[in-house]
Amino acid sequence: MLQKIPMNGTTKQICFALITLLIYVSIGVSRSYVAFLFHQLDQPDSKLHLTNDEKTWIGSGVGLLTPVGSLVSGYLMDVIGRRSCILLMFVPFLFSWTLVSVASSYGMLFSAMIISSIALGMGSSIIPYVSEISTAKHRGILLALVDTTLNLGVILCSLLMVFLRWNIVSIIFGCMSVVSLLLTLMLPESPVWLYSKGKKEQAIEILEALRSKNRSELNDEIKDMENSYDSSDKKGGGLADTLKKCFRAWRQFSIAILIFLLIILAGPLIFLSYTVLIIDELKTPYDGAKLAVIYSIAGFCGSFLTPFFIHNFKRRVVLIISGGGMAISMLGISLYEIFYLDANNENKPFVWIIPVFLCTFNLLNNMGVFPLGLVIGGELFPLEVRGTLQGFFGFTISAAWAISLKFYPLVMFNFGIRTMLWCFTLFSGLLVFYAIFILPETYGKTLNEVQEQYFSKNKNKSKDDMKI
């Protein structure tokens, strides 16, 4: 197994996390593949052509069963283990890419997208695993790489689809999934999960191998796992008992859901699917498609800044800077459009302000807001139901995202682009209030310390912990 390779503990953490996060590259690819697929199928030399109705069904198929995949994998994470659930995710991934590579009809493509959506939902099992193999010192920076790898998948897909046919690209990504599967097979199970199942000796042995230290040097981490295990309710074990434990963690779940709902309403995920449409509604003299590419690149650059900020600054500081910057950027566009939306493109002064603010908005979102919202559950959810709650979390945000993609554009169509811009501004600003008054500070704390400080019945917060 990989943990037996002679490396120091920090190097192992980074390597194991990167191996696991390779799957998020595939998730990024799957989310962006359809847009480029449609472009190729619209070409005159394409052997397969789709109607507009068929395109919308294939496009929606990518997210059709994502909530179900999240829900099922959440429960399985607590039953069969984090690593085992990740391995199970490769089954629909490989099957979907294989089906796409040989697809010759609309039905085959639609079926492949539905199967792929199950794998996308099961991707929620990655975050608890990375969170639990990491030390408090490195957990933030490793979780921040989720957004980086996701954006890397989007960029990689766009580059390959420019030069290669869609079925050839599907074979390439299928092979990449096989490599990722083989590497994941060599990873250990989460020692935290093993300890929670009473497999204490096996958990400690894996922890020793992961940290490249002997047992006497790991007293603090072992004690932390013991405290987490002892503080959990070990009675029962059925589905009903699991649901009761989940209900007792309603505060953690509510905090995690609230930030992601604010992110959805703040607009960055709406822009992800409607970038060109929104840019065209802003009536700039620039080509909407080209500006959309620049907008995406800005987000990718922002994801590279995430590890630095997450590793060096408190979570609240990161969210205040990124959320506040998003609000200012969107406020700038909103104010500009009040005065110049209806003006001719040739008469708009300082029109470059719009693309600058748009790119700043996406850069700041990917720098802090979206990564924090995506991984917050891995830090807040209690050990005994961390997997199940992560599944409920994935189910809820996937459903909310899908609903927003369907109905949020109606605000723009029925009430105008100005109204939607002001909505984005308002909810971006609310992210700052969330950071100040609601977000628990998890920077530099172990997972058990987070539970004890913020959610224990006998919690005692120090003055320093309450500071930003």
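The values are calculated or read from the model by the stated rules, or taken from the named source; none is laboratory data. Note that the structure is a prediction, hence the values are computed from the model and not measured. Every residue, glycine among them, receives a Cβ derived from its backbone with ideal geometry; neighbour counts consider all protein chains shown. Surface accessibility is based on the protein's heavy atoms, side chains included, excluding ligands, DNA and RNA. Shrake-Rupley method; radii C 1.70, N 1.55, O 1.52, S 1.80 Å.
Computed quantities for the displayed model
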| quantity | calculated |
| --- | --- |
| Answer from Val34, Val25, Val62 - the residue that is within 30 Å of Arg386 (Cβ to Cβ), at pLDDT below 80 and either surrounded by fewer than 22 Cβ atoms within 10 Å (Cβ to Cβ) or of a type in the set (A, V, I, L, M) (or both) | Val62 |
| Selection from region 16-32 of residues that are farther than 15 Å from Ser131 by Cα and of a type in the set (A, V, I, L, M) | Leu22, Ile23, Val25, Ile27, Val29 |
| Selection status of Leu426, farther than 30 Å from His138 by Cα and among the aliphatic types (A, V, I, L, M) | yes |
| Flag for Ala240 being modelled with pLDDT of 65 or more and either surrounded by 11 or more Cβ atoms within 10 Å (Cβ to Cβ) or closer than 22 Å to Cys15 by Cα (or both) | no |
| Wholly enclosed helices (runs of 4 or more DSSP H) of region 257-340 bearing at least 2 residues basic (Lys, Arg) and in contact (Cβ under 8 Å) with a residue 40 or more places away in the chain | 315-340 |
| Inter-residue pairs, beta-carbon under 9 Å, first in contact (Cβ under 8 Å) with a residue 60 or more places away in the chain and in region 185-203, second open to solvent by 80 Å² or more (accessible area, probe 1.4 Å) and among the aliphatic types (A, V, I, L, M), 6+ apart | Met186/Met1; Leu187/Met1; Pro188/Met1 |
| Some residue of region 262-283 being crowded, with 19+ Cβ neighbours inside 10 Å, of a type in the set (Phe, Trp, Tyr) and within 24 Å of Tyr443 (Cα to Cα) | no |
| Helices (runs of 4 or more DSSP H) (entirely within region 87-178) containing at least 1 residues that are closer than 30 Å to Asp220 by Cβ and open to solvent by less than 10 Å² (accessible area, probe 1.4 Å) | 126-133, 136-163 |
